[in-house]
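Trainee: Got a structure for you, questions after.
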């Protein structure tokens, strides 16, 4: 029997709630037709099934699996979240939290990486902005990995990007290019390298 923990909650608020839960893993995540909101237009929701992965539950019952399961339903249209749970944890004792990049810290990291700040400066900014102590903050390595990954995938900041752009510009189609030579189509770029 599923019990509703929260219903129709903003995504940011639900992330705060999930940060306070015992450690879990996502065992299923898929898009399905939405059943949690009142929008009449057909759209999708993200269905996630959670399973307890707490070390304290494993220690309390080493030969038995923790019965707790969670369900997170996120409406893709309204970005609203419903969280449900079933079963109970083997023990309510929590393991010491290892510092990690929470969704709030990731949002802040994305914002600062977009502005071009270095990982060490982003990490220090996290401490000031969210009032984190040294033990609560993610390690510099975690922040470096996240910022590097985000910058390469989303901001195209990698070693090959400029080289690829210059190759495309060299192959640009124009009146002087013969029909037998390879060419490429693209957009004119402004001073910042963005397409006009």
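The values are calculated or read from the model by the stated rules, or taken from the named source; none is laboratory data. Being a predicted model, the structure only gives us computed values, none of them experimental. Heads up, the Cβs are rebuilt from the backbone with ideal geometry, glycines too, and the neighbour counts pull from every protein chain shown.
Trainee: If residue 149 satisfies all but one of (1) touching a strand residue (DSSP E or B) at 6+ places or on another chain (Cβ under 8 Å); (2) loosely packed, with under 15 Cβ neighbours inside 10 Å, what's the number of the condition it fails?
Mentor: (1) is the only condition that residue 149 fails.
Trainee: With respect to the numbered conditions (1) assigned to a helix (DSSP H, G or I); (2) modelled with pLDDT of 80 or more; (3) in contact with a strand residue (DSSP E or B) (Cβ under 9 Å, 6 or more places away or on another chain), which one is the sole condition not fulfilled by residue 144?
Mentor: (3)
Trainee: Moving to a separate point now. Search segment 2-16 for residues being touching a strand residue (DSSP E or B) at 6+ places or on another chain (Cβ under 6 Å) and outside any strand (DSSP E or B), and hand back the single one that is surrounded by the fewest Cβ atoms within 10 Å (Cβ to Cβ).
Mentor: Of everything passing the filter in segment 2-16, 2 is surrounded by the fewest Cβ atoms within 10 Å (Cβ to Cβ).
Trainee: Right, another one. Take the conditions more than 24 Å from residue 135 (Cβ to Cβ), outside the structural domain of residue 138 (by TED's automatic domain parsing), surrounded by fewer than 18 Cβ atoms within 10 Å (Cβ to Cβ) and free of Cβ contacts under 8 Å to residues at least 12 places away in the same chain and apply them to residue 62. Does it pass?
Mentor: On the way: more than 24 Å from residue 135 (Cβ to Cβ): yes; outside the structural domain of residue 138 (by TED's automatic domain parsing): yes; surrounded by fewer than 18 Cβ atoms within 10 Å (Cβ to Cβ): yes; free of Cβ contacts under 8 Å to residues at least 12 places away in the same chain: yes.
Answer is yes for this residue.
Trainee: Criterion first (assigned to a strand (DSSP E or B) and buried (at least 16 other Cβ atoms within 10 Å of the Cβ)) does residue 112 satisfy it?
Mentor: So residue 112 does not fit the description; no.
Trainee: Could you grab me the full set of residues in segment 154-188 that are within 29 Å of residue 106 (Cβ to Cβ) and either in a loop (DSSP other than H, G, I, E, B) or at pLDDT 75 or above (or both)? Please lay out each step first, then the result.
Mentor: Within segment 154-188, the subset within 29 Å of residue 106 (Cβ to Cβ) is 154-162, 164-165.
Hits for segment 154-188 are 154, 155, 156, 157, 158, 159, 160, 164, 165.
Trainee: For segment 65-100, what are the residues that are touching a helix residue (DSSP H, G or I) at 6+ places or on another chain (Cβ under 6 Å), surrounded by fewer than 17 Cβ atoms within 10 Å (Cβ to Cβ) and without any contact (Cβ under 8 Å) to a residue 60 or more places away in the chain?
Mentor: Hits for segment 65-100 are 91, 93.
Trainee: Please verify whether segment 108-120 includes one or more residues that are assigned by TED's automatic domain parsing to the domain that holds residue 19 and either under 18 Å from residue 155 (Cβ atoms) or under 15 Å from the mean Cα position of the chain (by Cα) (or both).
Mentor: No, that holds for no residue.
Trainee: Assuming residue 141 fulfils every condition listed in (1) more than 27 Å from the chain's Cα centre (by Cα); (2) under 28 Å from residue 105 (Cβ atoms) apart from one, which condition is it?
Mentor: If we test residue 141 against (1) more than 27 Å from the chain's Cα centre (by Cα); (2) under 28 Å from residue 105 (Cβ atoms), just (1) comes out false.
Trainee: Follow-up. What do you reckon, is residue 56 more than 19 Å from the chain's Cα centre (by Cα) and closer than 26 Å to residue 137 by Cβ?
Mentor: Judged against the criteria, residue 56 is a match.
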